[in-house]
Amino acid sequence: MIKKNKIDKVLDMTGLLCPVPTVMTTKTLKDMKKGKILQVITNDITTRQSIPMICDDEGYTLLELTESDGLLAFTVKK
């Protein structure tokens, strides 16, 4: 049986463009406790590169990236 990750916070930034989704993702993750999971929803295609880079730089884990109907959904564990 596959265990689904419990999402602790959702950050919906649909309609907001670079750099807002990246800046808000960084700030939100810094404010969260270690081990918590954030889901980021955006339609800004630049986040396809910037959010994984945040994860690499800060030591967060990108658990999942899905794309559907022009929306990107990142699931990140702090």
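The values are calculated or read from the model by the stated rules, or taken from the named source; none is laboratory data. Since this is a predicted model, take the numbers as computed values, not measurements. Note: ideal-geometry Cβ built from the backbone for every residue, glycine included; neighbour counts use all protein chains shown.
Values as computed for the structure displayed
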read-out	value
Search result, residues across the range 43-58 that are of a type outside the set (Asp, Glu), assigned to a helix (DSSP H, G or I) and either in contact (Cβ under 8 Å) with a residue 24 or more places away in the chain or more than 12 Å from THR75 (Cα to Cα) (or both)	THR47, ARG48, GLN49, SER50, ILE51, MET53, ILE54
Residue list for the range 33-46, filter: touching a strand residue (DSSP E or B) at 6+ places or on another chain (Cβ under 6 Å) and over 15 Å from LEU63 (Cα atoms)	THR42, ASN43
Every residue from the range 5-26 that is under 11 Å from the mean Cα position of the chain (by Cα) and of a type outside the set (A, V, I, L, M)	LYS9, ASP12, PRO21, THR22, THR25, THR26
Among residues of the range 1-42, those that are surrounded by 14 or more Cβ atoms within 10 Å (Cβ to Cβ), polar (S, T, N, Q) and not in a strand (DSSP E or B), counted	4
Residue among LYS30, LYS36, LYS77 that is among the charged types (D, E, K, R), modelled with pLDDT of 95 or more and under 11 Å from the mean Cα position of the chain (by Cα)	LYS77
